[in-house]
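Visitor: The structure is given below, and queries will be raised subsequently.
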Amino acid sequence: MPELDHDDVLRRAARHWPGGRLLGLRRLPGGVSSLTFSSVLSRPDHPDVPVVLKVAPPGLAPVRNRDVLRQARVLRRLAGTAVPVPAVLAEDAGDPPLFVMSQVPGESYEPLLDVAVNPPTPGVIAARARGAARTLARMQGVAVTEPATPLRAELDRWARLLDTVEPDIAPRHARLYRELSARTPDPVEPCLQHGDYRLANMLFTGERLTAVIDWEIWSAGDPRIDLAWLLMHTRPPHRFHEHRDDANVEAGRGMPACEELLAEYRRIRPGEVADLSWFLAYCHYKTAATLAVFVKRNRRSADPDPQLVVAARGLGEVVERGRALLAQSK
């Protein structure tokens, strides 16, 4: 992939503010399909303002999850709703496309997977998770006009990814695919779908949700997918760390049970959630697929990521837990 021209990005972003300039780019973690940077917007007679830039990877067509202007579009749609998101400040359709958004205060932390120096308390984690469930229900009330992706197409997307990896990376994944595809639920009214809705893709100050972030794979789709993804993270089937210290383990104990988060969701969006076991099993299959691709690349790396080495050892269990969940719904 060609090197990103930082000077060109800074110039193009700053021209939306006559007389203004952006003071450097600092790469941020988060997102895998576009580049994220922090910077500072400096203008005459204005206080300096921290901002975030999303930039499409240079040298690659800015389509699908690399289409950063599509990400800007959903942020604009959510502005002023009950779903907090960063404000889009400027867009540039040049090469590569980019947009500038507000830098929202807060921290992101996945309670049962991440390791932080000073993790939140269990009580804070519990409040965050319950709030995330309610926010998801509200988000699913936002109107969408895009065509919805059918469930079978979603399932086949992950199957194509798994077909590109060595058979030993995610053993028996083909069995889970066959079992899922044989029992695909009937469709329901589609809604706005984040695609990776979990606490790690949110910013919090204390218990307060300040922004839902990382909208790279948003779509219109079945509401049960985002819900099941959030619920799966109350007992994630995968891990990235061989050992998590006592403080992080204690933080994870604050994560509510699946049933509690489902009850919070239904406070806003009442009614039964049909075929939830199928969707939980599907989320295990999606987890296996996405991690399997990262593991494949990591195997070929001269400097392997130790977190992916740990994740690789558990992918067979991810698949088997998915199959067990599906069997429960028979």
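Visitor: What strands (runs of 3 or more DSSP E) lie completely within segment 1-93 and have 3 or more residues being of a type in the set (S, T, N, Q) and not assigned by TED's automatic domain parsing to the domain that holds Val212?
Guide: Passing ranges, in order: 35-42.
Visitor: Taking segment 50-76 as the search range and keeping residues that are hydrophobic (A, V, I, L, M, F, W, C) and free of Cβ contacts under 8 Å to residues at least 12 places away in the same chain, which one is farthest from His6 (Cα to Cα)? If you could, list the steps in order and put the result at the bottom.
Guide: If we filter segment 50-76 for residues that are hydrophobic (A, V, I, L, M, F, W, C), which is where we start, we get 51-53, 55-56, 60-61, 63, 68-69, 72, 74-75.
Subset that is free of Cβ contacts under 8 Å to residues at least 12 places away in the same chain: 61, 63.
On the way: Ala61: 19, Val63: 21 Å.
Filtering segment 50-76 for residues that are hydrophobic (A, V, I, L, M, F, W, C) and free of Cβ contacts under 8 Å to residues at least 12 places away in the same chain, the one farthest from His6 (Cα to Cα) comes out as Val63.
Visitor: Restricting to segment 243-276, name every residue that is touching a Ser or Thr at 6+ places or on another chain (Cβ under 8 Å), farther than 30 Å from Val188 by Cβ and not in a helix (DSSP H, G or I).
Guide: The one that is touching a Ser or Thr at 6+ places or on another chain (Cβ under 8 Å), farther than 30 Å from Val188 by Cβ and not in a helix (DSSP H, G or I): Gly254.
Visitor: Exactly one of (1) assigned by TED's automatic domain parsing to the domain that holds Ile225; (2) of a type outside the set (S, T, N, Q); (3) touching a Leu at 6+ places or on another chain (Cβ under 8 Å); (4) under 28 Å from Pro256 (Cα atoms) is unmet by Glu107. Its number?
Guide: Looking at each condition in turn, Glu107 falls short on (1).
Visitor: Of the residues Phe294, Phe240, Phe279, which single one is outside any helix (DSSP H, G or I), out of contact with any Gly (no Cβ under 7 Å at 6 or more places or on another chain), assigned by TED's automatic domain parsing to the domain that holds Glu154 and among the aromatic types (Phe, Trp, Tyr)?
Guide: Residue meeting the stated conditions: Phe240.
The values are calculated or read from the model by the stated rules, or taken from the named source; none is laboratory data. None of the values given here were measured: they were computed from a predicted structure. Ideal geometry is used to build each Cβ from the backbone, glycine not excepted, and the neighbour counts take in all protein chains shown.
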